[in-house]
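Undergrad: Structure incoming, see below.
The values are calculated or read from the model by the stated rules, or taken from the named source; none is laboratory data. Since this is a predicted model, take the numbers as computed values, not measurements. No Cβ is skipped: glycine too gets one built from the backbone with ideal geometry, and neighbour counts run over all protein chains shown.
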Amino acid sequence: MSNTKLILLRHGESKWNKKNLFTGWNDIGLSKVGKIEAIEAGKKLKNNNFKFDYAYTSVLKRAIHTLYLVLTELDQLWIPVKKTWRLNERHYGALQGMNKDQIAQKYGEEQVQKWRRSFTTTPPSLTMEDLRSPRYDTKYSKLEDYQLPLAESLSTTLKRVIYVWENDILYKIKNRERIIIVAHGNSLRALIKYIEQIDDKEIVNLNIPTGMPIVYEFDQNLKFQKKFYLN
């Protein structure tokens, strides 16, 4: 029996990636470069004969648009797609919308690196009354306040990502369904940490480029075997 494969893909460059802003749960679209990256990712998957039975993405349009551009290239727009807030980017709290270089000048590079890459450090939080809180966004109107973050560490992001992994995605993989997950830098970092059992301190070194498909292979017991970027 051949190894089971899973595709992970970070969305293409967003307009705020291009401006070097903290994005988080802000619903920012793809840049022109990001759209090209998504199309190229689809072409790589097509050239390597990938087909899918089911797709997962977040409720943020930069990931949704990336997925649809990929599926367009594959002529697979018809497959079922599940959009879930649990695959959203990490919530950057009060940093969202701010320039990363300016924040580094204010707080220091070391502190910003902790906010961006460490496993347990949480950035400055929004308040419940802040109009930037997701409680005021209609996308999350069916969720309880306790489910909506005002800021997240990678650790808290992992908890919501692993919930959908263990209660949904893994079930489909066990049934030999071919899955693609299009999400975000930190939601994918969280999932990769879990799959590969990466140490809390080592995860700081993991950075996922935009628009580059990652192939994960598992044995028949769904034990992680290897990963590689698709050329």
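The rows are residues; the columns are (1) modelled with pLDDT of 95 or more; (2) more than 30 Å from residue 74 (Cα to Cα); (3) β-branched (Val, Ile, Thr); (4) under 16 Å from the mean Cα position of the chain (by Cα).
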residue: 127; (1), (2), (3), (4): no, yes, yes, no
residue: 146; (1), (2), (3), (4): no, yes, no, no
residue: 152; (1), (2), (3), (4): yes, yes, no, yes
residue: 155; (1), (2), (3), (4): yes, yes, no, yes
residue: 167; (1), (2), (3), (4): yes, no, no, no
residue: 174; (1), (2), (3), (4): no, no, no, no
residue: 180; (1), (2), (3), (4): yes, no, yes, yes
residue: 187; (1), (2), (3), (4): yes, no, no, yes
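Undergrad: Restricting the search to the stretch 121-166, which residues are part of a helix (DSSP H, G or I), of a type in the set (D, E, K, R) and buried (at least 17 other Cβ atoms within 10 Å of the Cβ)?
TA: Of the residues in the stretch 121-166, the ones part of a helix (DSSP H, G or I) are 134-136, 138-140, 145-147, 154-166.
If we keep only those that are of a type in the set (D, E, K, R) as well, we get 135, 139, 145, 159-160, 166.
135, 160, listed by residue number.
Undergrad: Being in contact with a Lys or Arg (Cβ under 7 Å, 6 or more places away or on another chain), of a type outside the set (Ser, Thr, Tyr) and either farther than 14 Å from residue 213 by Cβ or free of Cβ contacts under 8 Å to residues at least 24 places away in the same chain (or both) is the filter here; which residues of the stretch 35-75 pass it?
TA: If we filter the stretch 35-75 for residues that are in contact with a Lys or Arg (Cβ under 7 Å, 6 or more places away or on another chain), which is where we start, we get 51-54, 56-59, 64, 69, 73-74.
Narrowing the set further to residues that are of a type outside the set (Ser, Thr, Tyr) leaves 51-53, 59, 64, 69, 73-74.
Passing the criteria: 53, 59, 64.
Undergrad: Further question: Looking at (1) on the phi > 0 side of the Ramachandran plot; (2) not in a loop (DSSP other than H, G, I, E, B); (3) not hydrophobic (A, V, I, L, M, F, W, C), find the lone condition where residue 97 falls short.
TA: Answer for residue 97: the failing condition is (2).
Undergrad: Restricting to the stretch 182-231, and then to whatever is part of a strand (DSSP E or B) and aliphatic (A, V, I, L, M), can you tell me which residue is surrounded by the most Cβ atoms within 10 Å (Cβ to Cβ)? Break it down stepwise before answering.
TA: Keep residues of the stretch 182-231 that are part of a strand (DSSP E or B), which gives 182-183, 214-218, 224-229.
Okay, now just the ones that are also aliphatic (A, V, I, L, M), so 182-183, 214-215.
On the way: 182: 30, 183: 28, 214: 18, 215: 17.
Checking each candidate, the answer is 182.
Undergrad: Hey, another quick one. So which residues in the stretch 77-100 are surrounded by fewer than 19 Cβ atoms within 10 Å (Cβ to Cβ) and within 17 Å of residue 207 (Cβ to Cβ)?
TA: Passing the criteria: only 100.
Undergrad: I'd like the residue in the stretch 76-97 that is touching a residue at least 40 places away in the same chain (Cβ under 8 Å) and of a type in the set (S, T, N, Q) and, out of all such residues, is nearest to residue 12 (Cα to Cα). Give the derivation first.
TA: Step one: filter the stretch 76-97 for residues touching a residue at least 40 places away in the same chain (Cβ under 8 Å), giving 82, 84-97.
Retained after the next criterion (residues that are of a type in the set (S, T, N, Q)): 84, 88, 96.
Details: 84: 18, 88: 14, 96: 19 Å.
Per the stated criteria, the residue is 88.
Undergrad: If you go through the stretch 2-31, how many residues are more than 17 Å from residue 230 (Cβ to Cβ) and outside any loop (DSSP other than H, G, I, E, B)?
TA: So the count comes out to 8.
Undergrad: Still on this structure, please answer the following. Look through the stretch 103-120, keep the residues that are under 16 Å from residue 186 (Cβ atoms) and of a type in the set (D, E, K, R), and return whichever of them is surrounded by the fewest Cβ atoms within 10 Å (Cβ to Cβ). Explain how you work it out, then say what you get.
TA: Looking only at the stretch 103-120, we keep the residues that are under 16 Å from residue 186 (Cβ atoms), and these are 112-120.
Cutting the leftovers down to of a type in the set (D, E, K, R) gives us 114, 116-117.
Details: 114: 18, 116: 21, 117: 16.
Looking at the filtered set, the residue picked out is 117.
Undergrad: Which one of these is modelled with pLDDT of 95 or more, part of a helix (DSSP H, G or I) and under 16 Å from the mean Cα position of the chain (by Cα): 90, 86, 116?
TA: Working: 90 fails: part of a helix (DSSP H, G or I); 116 fails: modelled with pLDDT of 95 or more.
Only one candidate qualifies: 86.
Undergrad: Condition test on residue 171, is it loosely packed, with under 13 Cβ neighbours inside 10 Å and over 24 Å from residue 207 (Cα atoms)?
TA: Details: loosely packed, with under 13 Cβ neighbours inside 10 Å: yes; over 24 Å from residue 207 (Cα atoms): yes.
Spelling it out, residue 171 is indeed loosely packed, with under 13 Cβ neighbours inside 10 Å and over 24 Å from residue 207 (Cα atoms).
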